[in-house]
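In what follows, a structure is listed as structure tokens, so that the remarks can point back to it.
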Ligand SMILES: Cc1cc2nc3c(=O)[nH]c(=O)nc-3n(C[C@H](O)[C@H](O)[C@H](O)COP(=O)(O)O)c2cc1C
């Protein structure tokens, strides 16, 4: 693989005076800036790290579906590898990279499952094809071939023709409740800005600058 040269960041700065005391508001501000214009197709894409029972990390991309007053919401299959790992160990980490604004956000925390009613509402809003796909896919299981998956999909399509598709019981929403959130802004000469918010027992957020 050819290296494409040395990264040189320098579009923006992150100073203490720019920060919102509330990291959720700070996240929203950065998210909106990442999503603005047509530069980034999936500003909602993030990597989620989970840990297996034998303490091995695993990582995959997901889409952020909401941010409420408690945390960051995503949806997935509870019987998948990540679902299994989360049910054994709720500690997880998320990472966003927004290239157009040279920003990274890292979030560490614990994950809880949303009530079925929230998953029902979101599932009902999804396109029919995605709803059928959720039923057809035994996420993270080994399957014999592509045809097996498509055949399952076709059977479900016929089965549900003319009727609403219910949410599969294993398809659920999760909320990552942050314990710390770090905002990283690329700067020249590797002197990046890193600001970390850590949740204190009082519920307040400690704000610290980290060396890049
Ligand atoms: C940009 C992107 C977004 C994705 N969003 C989701 C998602 O929101 N939910 C999901 O279950 N899988 C999503 N996937 C697929 C996951 O990366 C992964 O393949 C799948 O969830 C199985 O992961 P696991 O075997 O570690 O459980 C996405 C993949 C990409 C590349």
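The values are calculated or read from the model by the stated rules, or taken from the named source; none is laboratory data. Please read these numbers as outputs of a predicted model, since none were measured by experiment. FYI the Cβ positions are ideal-geometry reconstructions off the backbone, even for glycines, and counts take in every protein chain you see.
Which of the residues belonging to the range 28-86 are more than 14 Å from the ligand (Cβ to nearest atom) and in a loop (DSSP other than H, G, I, E, B)? Step through it out loud before you land on a result.
Just the residues of the range 28-86 that are more than 14 Å from the ligand (Cβ to nearest atom), to begin with: 28-39, 53-55, 67-71.
36, 37, 38, 39, 53, 54, 55, 68, 69, 70, 71, listed by residue number.
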Problem set entry | The one condition in (1) modelled with pLDDT under 95; (2) within 25 Å of residue 207 (Cα to Cα) that residue 47 fails to fulfil | (1)
